[in-house]
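To keep things clear, I will list the structure first and then write my remarks on it.
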Amino acid sequence: MREERMICGTKRNRSTCKRMRKILFPAVLLAGLLVCGCSDGAQNSVTGVETDNRVTGVETENTVNGTGTDEKTSDQGTEPEEDTPKTSLFLGKYDSFEAWMERRQGSVGFITDRTLLLSVYLEEPDYQWTEEDIQVTNRVKKIAYSFLEEELREKYDTQIQLIYDVEEHEDLLFHIKLEENIPAYVTTEKEREIDDLEDAWIATLPVRELMEKYQADSVGFLFFLAHEGCSYSSMHFIDDGVKTWDESCLLYLRDMYSKTLEYETPAVYAHELLHLYGAEDLYTEADVFSKDTYEKAQKQFSGDLMINTYDVINGKYTIYSDSVKQIITPLTAYLIGVPGVEYPLEGTTELVKEEVGCFSGSTYDRPF
Ligand SMILES: [Zn+2]
């Protein structure tokens, strides 16, 4: 089994939202970089979030070299082996943590999994979180994930279980102190370095204990940065090595493409989380599939959240802080493995999934 894990291990990759926006909105991008105003953005209404789980002293220096995933994943938390029950973990679907790790889907597997989302607030030398800004992200999370729950329940009669509310469950919130700032735009070269950092951050979290406590069979990591940037996701690819297994979203407080640096939107949070379940970007600039496939997808499934997280109104980049305007069409529902949804795209089989909840191939096959 271990050998198999070595072969169908993990790899992470980002979505290509950043590329899309860069291509489509060079002027907006420039303006966004030049203007340093801030906005009222989303109002927060929640108080009393404690930062109990503050993790201090996490050094970034020991995170850049690739310590093996085996070590990393088995070392998560401080659990003594003998204290860990070997049965009835994770809703009984897996016999052990090790058995769970052997699945091909990565840490975030099936859309119907009971999914734990840990919120990790990264404290950079130049950018620290305030209570107020954390509450903003909590509000955006609620809008985004409620949207996903409602959309899937109402349109596809599918109940999803996302456990993410740090106000209700304070042990899902963490702070990690960094020694260096994370750039607003993570380039492909820098991405590998950030991947290693993410692995090291995750290794400091009591993942296994929390999964058991909440009886979760999937776990994802939401890394938050207290400044503007271009959010992206790190997904699991079947054919890549064991170096990475855990799937995560890197979410910035503010949208660097917004002229006034508005808060990152619920649409972006929802879009990024869908990636972890297997959703593909459906905009042409993602450049993974043929142009023809993208055109067919956009024509047959317009309005899908994986095509766009914003509108262009009279040439103006327009985002929404209070709701998600896009929808989950049958194409994305199929890609994330919503039960009973068959492949719906007419005229091409390019988006047919080999296996539900997985990204086939390697991240290195992809053009980003
Ligand atoms: Zn994307």
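Applied to the range 217-233, the Karplus parametrisation 6.51 cos²θ - 1.76 cosθ + 1.60 on θ = phi - 60° returns per-residue 3J(HN,Hα) values of 10, 9, 9, x, 10, 10, 9, 10, 10, 8, 8, 7, x, 10, 5, 7, 10 Hz, with x for Gly and Pro.
Using the Cβ-Cβ distance between Glu170 and Asp365 with R0 = 25 Å, the FRET efficiency computed as 1/(1 + (r/R0)^6) comes to roughly 0.05.
Rounded, prolate or oblate: which one fits the range 230-368, using the alpha carbon gyration tensor with axes a ≥ b ≥ c (rounded when a/c is under 1.5, else prolate when a/b beats b/c, else oblate)? Oblate. For the pair Asp126 and Glu149, a Förster radius of 35 Å applied to the C-beta separation gives a FRET efficiency near 0.45, rounded to the nearest 0.05. Electrostatic bookkeeping for Asp126 treats Lys and Arg as +1 and Asp and Glu as -1; over the other residues with beta carbon under 12 Å from its beta carbon, the sum is -4.
In terms of packing, defined here as the mean over residues of other Cβ atoms within 10 angstrom, the peptides 251-264, 329-342 line up highest first as 251-264, 329-342.
Beyond 19 Å in Cα-Cα separation lie the following of the pairs Lys142/Lys325; Lys142/Lys213; Lys259/Lys316; Lys296/Lys353: Lys142/Lys213.
Laboratory data are not the source of any read-out in this text; all were calculated from the coordinates shown. Just so it is clear, the structure is predicted and the values come from calculations on it, not from any experiment. Don't worry about glycine lacking a Cβ; one is built from the backbone with ideal geometry, like all the others, and counts go over all protein chains shown.
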